[in-house]
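> Sending over a structure as C-alpha cells; questions will come in a sec.
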Amino acid sequence: MQFGRPIDEVKLYLDARYISSCEAIWRIFLFHIQKQVPNVVCLQVHLPDEQSVVFDPDDPNDPNYNAEDAEDAENEGKPTTLMGWFNANAAAAEGSEVLNTLYQNFPSKMVWNAKQHIWTDRKKGFAIGRMYYAHPSAGERFYLRLLLTCVKGATSFKHLRSFEGIVYPTFKDACIVRGLLEDDSEWRQCLEEAKDMQMGGQLRRLFVTILCDCFPTNPRALWDEFKPYLCDDLGHYLMHNTNIHEPTEEQIYDCGLYLIDKLLAVFGKGLRNWPTLPLPNPNTNWAAMLNPLIGEQQYNQNVQRDLAEENIPRLNFDQKSAFDRILTAIEGKTGEAFFLHGSGGTGKTFLYNTLCYQLRSMSKIVLCVASSGIAALLLKGGTTAHSCFKIPLFCHEDSVCNIPKNSDLAELMCKTDLVIWDEAPMQHKHNMEAVDRSLRDILNTSNKPFGGLTFVFGGDFKQILPVIIKGGKAQTISAPIRKSVLWDSLSVVHLYQNMCLDTAIEAEANFAK
C-alpha cells in the first residue's frame with residue numbers, strides 16, 4: 001500500500017521500462033530475442049481416462065462444429081503424448097530400438113506431431129523429454145510416473161501394472177513388487193521407540209505426521225501393528241467421560257480412527273486420502289461424545305418437535321415467510337446470511353426460538369448469541385457473542401477471534417447449521433467482521449461470508465447503536481453492521497406486524513390499551 005492506495009506493479013514496470021537503441025533495432029528487424037537449446041518436450045502424465053479433453057465450438061476448420069459436439073470430442077479423446085507412446089510401442093516391430101526407450105527419453109528418438117497426435121521418427125535435431133511433476137501426495141498419479149521412469153516398451157496402462165505375468169490392481173502395488181518403493185522399517189522403528197516414551201495422544205500426532213510428510217508405503221500395516229499403543233489412553237477416557245462404561249476393543253480403535261481423522265483435517269486431509277486405512281464407524285457420534293461443546297447442543301428431539309408443532313401455526317405471515325426462507329437456505333446449504341429487521345414487538349425472539357425448536361428436532365445444531373446478557377437470556381440456549389466466538393474485547397478492522405483451528409470450539413463451528421445473533425445493531429461492525437474472518441479460515445471456505453455458515457442477524461436500527469467512547473455522530477453512525485463490508489452480502493427480511501399491539505389477539509388487548 002502506498003498512501004492508502006494499492007501499488008500497480010505492472011504499471012510501475014512499464015513506466016520504468018527503458019529500451020536502448022540496440023534492443024530497439026533488434027526488435028524492429030524481428031531477430032530472435034532468446035533461444036533454447038536443446039529443445040525440451042513436456043510429457044503428460046495422467047491416469048486412465050483422466051486426460052484433458054479440449055474442444056473448440058468455433059473451430060474455423062469445421063464451421064458445423066458446435067458445443068453439442070463436446071460429448072463426441074470427449075468420446076474420441078485425442079491421444080496425449082503418453083497414449084501416443086503406448087500406440088508407438090504397440091506398432092513397433094519386435095527388436096526395435098523404440099521398445100527399448102523409456103518414456104522420458106522418447107523425444108530423443110521420436111518427434112511428437114501435435115496435429116496428428118502421433119510420434120514420428122526423428123530425422124534431425126535433438127530434444128530431451130521432461131515428465132510433469134507429481135507430488136507423492138498425488139496418489140496413483142505419482143506411482144504411475146514412478147513406473148514410467150523404469151518400464152520400457154509399455155503398450156497400455158494395464159501393461160504398466162503388470163510384472164512377471166501378473167497384473168496388479170494399482171500402480172502402487174506394481175511399484176512395490178518392482179522394488180521401487182522403500183519399506184516402512186524407518187517409520188516402524190520410529191513408532192517402536194516412541195511407544196515406550198509417549199502416550200496415545202502424542203503417538204497419534206506422530207502417526208499423522210508420518211502419514212502427511214513421510215508417505216509410508218503401507219500405512220495399514222503400521223496401524224494394525226501399533227493401534228494398541230495409539231489408543232492406549234482411550235479406554236480409560238471413554239469409561240469416565242462418556243456413557244460407554246465398558247468400551248470394547250472395537251470401540252476403542254474406532255474412536256482412535258476418529259481422532260486421527262480429526263487431526264488430519266487440520267492439514268486439509270482425512271483417512272479417505274489413504275484408501276487402505278479403515279474409516280471410523282459413521283453410525284457412532286464420536287463428535288458429540290468426545291466434544292463437550294457439541295454434547296451441550298444435544299436436545300430431546302421429541303420435546304423440541306412438540307414445541308415446534310405448537311409454535312409454527314402461531315407465526316404470522318411475515319414470520320412464516322422468514323421461517324421458510326431461512327429453513328430453505330439451511331437445507332440447501334447455500335451459505336446465505338440474513339438480517340431480520342423489525343421493531344420491538346414484531347416477534348423476532350419468538351421466530352428465533354421457533355427456528356431453534358424446528359432445527360433441534362432434526363438433530364441440527366443452532367448457536368444463539370446476543371450482544372448483551374439480558375437479550376441472550378430470552379433465547380433458548382443463548383449466550384453472548386463475545387463468549388461464544390471469543391471475540392477480542394478491543395476489536396479493530398483486522399482482528400480475528402481466538403479460536404484455534406484444532407480446538408473443540410472450532411469443531412463445534414464445523415458442525416453448526418445455524419447461528420442466530422440478536423441485537424446485532426448494538427455491536428460494532430468490527431466484531432462481525434472478526435467472526436467472518438475466523439469462520440472463513442476454520443471452515444476452509446474463503447469465498448462465502450462466514451465460511452458458508454448460515455447466519456441470522458436481528459435487531460432494530462431505531463434502537464441503541466454501538467457506544468463509541470468520545471465519538472461523535474459520524475463515528476456512531478459508521479460503527480453498526482449497516483456500514484460494514486458484510487452488509488451487501490446479507491439478505492434483509494422485514495417483520496412489519498407488531499404483535500404486542502395487535503388488538504385482535506384477546507390476550508394482548510389489555511396490553512394494547
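Computed from the coordinates by the stated procedures, all read-outs in this text should not be read as laboratory data. Keep in mind it's a predicted model, so treat the numbers as computed, not measured. No Cβ is skipped: glycine too gets one built from the backbone with ideal geometry, and neighbour counts run over all protein chains shown.
> Which one, Gly200, Trp274, Thr242, is farthest towards the positive end of the dipole of the stretch 185-290 when Lys and Arg carry +1 and Asp and Glu -1 on their Cβ?
Farthest towards the positive end: Trp274.
> In the neighborhood of Leu222, defined by Cβ-to-Cβ distances under 15 Å, what is the net charge if each Lys or Arg adds +1 and each Asp or Glu adds -1?
Net local charge, Leu222 excluded: -3.
> Taking a ≥ b ≥ c as the square roots of the Cα gyration tensor eigenvalues, with a/c under 1.5 meaning rounded and otherwise prolate when a/b beats b/c, else oblate, which class fits the stretch 301-501? Before the final figure, lay out each step's value.
Details: a/c = 1.74, a/b = 1.18, b/c = 1.48.
It is oblate, given that a/c is not under 1.5 and a/b is not larger than b/c.
> Highest mean first, what order results for 375-384, 447-456 on Cβ atoms within 10 Å?
With the highest mean Cβ count within 10 Å placed first, the list reads 447-456, 375-384.
> Which percent of Cα-Cα pairs in the stretch 185-290 sits in each 10 Å bin, short to long?
Spelled out per bin, shortest first, that is 14, 50, 31, 5.
> Continuing with the same structure: What are the ³J(HN,Hα) values, in whole Hz, obtained from phi via the Karplus relation 6.51 cos²θ - 1.76 cosθ + 1.60 with θ = phi - 60°, for each residue of the stretch 384-392 in sequence order, with x given for Gly and Pro?
In residue order, the calculated couplings are 7, 5, 5, 6, 6, 9, 6, 6, x Hz.
> Continuing with this model, one more query. Divide by every residue of the chain the summed helix terms, -39500 (n - 2.57) for each DSSP H run of at least 4, and state the resulting mean residue ellipticity at 222 nm, rounded to the nearest 500 deg cm²/dmol.
Using -39500 (n - 2.57) per qualifying helix, the result is -11000 deg cm²/dmol.
> I'd like the Karplus ³J(HN,Hα) series for the stretch 248-262: coefficients 6.51, -1.76, 1.60, θ = phi - 60°, whole numbers in Hz, and an x wherever there's a Gly or Pro.
Karplus values, whole Hz, x for Gly and Pro: 7, 4, 5, 5, 5, 5, 5, 5, x, 5, 4, 5, 5, 4, 5.
> Starting from 0 in steps of 20 Å, tell me what percent of the Cα-Cα pairs of the chain lands in each bin.
Per 20 Å bin, starting at 0, the Cα pair percentages come out as 16, 33, 34, 16, 2, 0.
> Sticking with this one: Just tell me which lysines come within less than 17 Å, Cα to Cα, of Lys227; anything on the same chain fewer than 8 places away is out.
Hits, sequence-local ones excluded: Lys195, Lys262.
> Taking the Cα centroid of the stretch 343-397 and of the stretch 235-299, what is the distance between the two, rounded to the nearest whole Å?
The stretch 343-397 and the stretch 235-299 have Cα centres spaced 29 Å from each other.
> For the chain, calculate the relative contact order in percent as a whole number, restricting contacts to Cα pairs under 8 Å that are 6 or more residues apart.
10 percent
> Note the direction-averaged projected area, equal to a quarter of the hull surface, for the Cα convex hull of the stretch 230-324, in nm².
Average of the hull's projected areas for the stretch 230-324 equals 9.4 nm².
> Further question on the same structure: Return the subset of Lys448/Lys483; Lys380/Lys448; Lys415/Lys483; Lys448/Lys473; Lys78/Lys115; Lys390/Lys462 for which the Cα-Cα distance in this structure is over 21 Å, preserving the input order.
Lys380/Lys448; Lys415/Lys483; Lys448/Lys473; Lys390/Lys462
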